[in-house]
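Coordinate-derived values only; no laboratory data. What you see is a predicted model; the values in this text were computed from it and never measured. So basically every Cβ, Gly included, is an ideal-geometry build from the backbone, and we count neighbours across all protein chains shown.
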Amino acid sequence: MNEHFDPKRAALLTIDLQNDFLHAEGAYGRAGQTSELISALPGRIKPLADALRAKGGVYISAQFTLVPGPGGEPLIAPHLKELRPFLGKGDFAPGSFGHALVDALAPADYTVEKVAYSAFYQTRLEYILRYLDIDTLIVGGIVTNGGVASTVRDAHLRNIHTILLSDGCAAFKPEVHEATLISLGSITPIRTCAEMLEELT
């Protein structure tokens, strides 16, 4: 599988690395839904974002969004409400603290609001990629089996080359993370953050 790419035509894309997921005062933190594997991601990804930018590439943050509905209650998919009953008013709302990219990575060059797993579904991501003539996405974020996997598969359908960061993404259960990496290995090269950093420096 071809792994060579032009950094000037590449983007680092992170999925859902937001305060509501990672910060102690965010929606998941308040509910006790935390993970050391997930919390470690921003620090591991930041040097890669800096290195890619130095070579002429860009950093795009895709951020999960709950659109406020009537009375401020979020428009939330029934399956998600069942999985995460603690989500409520103000969580993942555009412009809120919780919706924002974590400080360690902010600001991104481009921000994409997404309402489902994939960063391509009903978003402006593909428009940004086409306008900037980007043909390679280096992908990290959370969760490996959810937003990351859906985005990588959607990129594959669009003939957009991806490189998946094995230690730049995580799931709440390590075994689920590992199984997803095996599954995605048929459609994307998989590299560590250190390996990608070495290639860019």
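Could you give each residue of the range 95-102 its phi-based ³J(HN,Hα) in whole Hz, using Karplus coefficients 6.51, -1.76, 1.60 with θ = phi - 60°, and x for Gly or Pro?
Result, ordered by residue: x, 8, 4, x, 6, 6, 4, 4 Hz.
Put a dot 7 Å past each Cα toward the Cβ at L80 and E36; how far apart are the dots in nm?
Result for the modelled spin labels: 2.9 nm.
How big is the range 125-175 by the Kirkwood estimate over distinct Cα pairs, in Å?
Numbers: mean 1/r = 0.0872 Å⁻¹.
Computed over Cα pairs of the range 125-175, the Kirkwood hydrodynamic radius comes out at 11.5 Å.
Is the shape of the range 138-201 rounded, prolate or oblate, going by the alpha carbon gyration tensor and its root eigenvalues a ≥ b ≥ c, with a/c under 1.5 for rounded and a/b larger than b/c for prolate?
On the way: a/c = 1.86, a/b = 1.11, b/c = 1.68.
Cα axes put the range 138-201 in the oblate bin.
Grab the other residues whose beta carbon is less than 13 angstrom from that of D50, score K and R as +1, D and E as -1, and report the net. Show your work: numbers first, answer last.
Numbers: positive: R44, K46, R53, K55; negative: D109.
That works out to +3.
Find the Rg to Rh ratio for the range 7-86, where Rh is the Kirkwood radius over alpha-carbon pairs and Rg uses the same atoms. Walk me through the intermediate numbers first.
Working: Rg = 15.8 Å, Rh = 14.7 Å.
Checking Rg against Rh, the ratio lands at 1.08.
Determine the sum of side-chain charges near K81: Lys and Arg each +1, Asp and Glu each -1, restricted to other residues whose C-beta is under 14 angstrom from that of K81. Provide the component values of the computation, followed by the final result.
Values: positive: R84, K89; negative: E73, E82, D91.
With Lys, Arg at +1 and Asp, Glu at -1, the neighbours total -1.
Any idea what % of Cα-Cα pairs in the range 7-200 are farther than 31 Å?
On the way: 2195 of 18721 pairs.
Of all Cα-Cα pairs in the range 7-200, 12 percent lie more than 31 Å apart.
Please identify the chymotrypsin sites (Phe, Trp or Tyr not before Pro) of the range 68-146 that satisfy two criteria: DSSP loop assignment and at most 14 other Cβ atoms within 10 Å. Which are they?
Working: sites: F86, F92, F97, Y110, Y117, F120, Y121, Y127, Y131; in loops: F86, F92, F97, Y117, F120, Y121.
Answer in residue order: F86, F97, Y121.
So if we plug the beta-carbon distance of D109 and I182 into 1/(1 + (r/R0)^6) with R0 = 30 Å, what FRET efficiency do we get, rounded to 0.05? Walk me through the numbers before you get to the answer.
On the way: r = 32 Å, r/R0 = 1.05.
Using R0 = 30 Å, I get an efficiency of 0.40.
As a check on your grasp of the helix formula, calculate [θ] at 222 nm for the chain: sum -39500 (n - 2.57) over DSSP H runs of n ≥ 4, divide by the residue count, round to the nearest 500.
-9000 deg cm²/dmol
Roughly what angle does helix 174-184 make with the longest principal axis of the chain, taking Cα atoms, 0 to 90 degrees, to the nearest 10?
50
If you line up the long axis of helix 41-54 against the longest principal axis of the chain, both from Cα atoms, how many degrees apart are they, to the nearest 10?
Taking Cα atoms only, the helix is inclined about 40 degrees.
Cβ under 14 Å from S39's Cβ, S39 left aside: what net charge do those residues give with Lys, Arg +1 and Asp, Glu -1? Before the final figure, lay out each step's value.
Values: positive: R44, K46; negative: D16, D20, E25, E36, D103, D167.
Net local charge, S39 excluded: -4.
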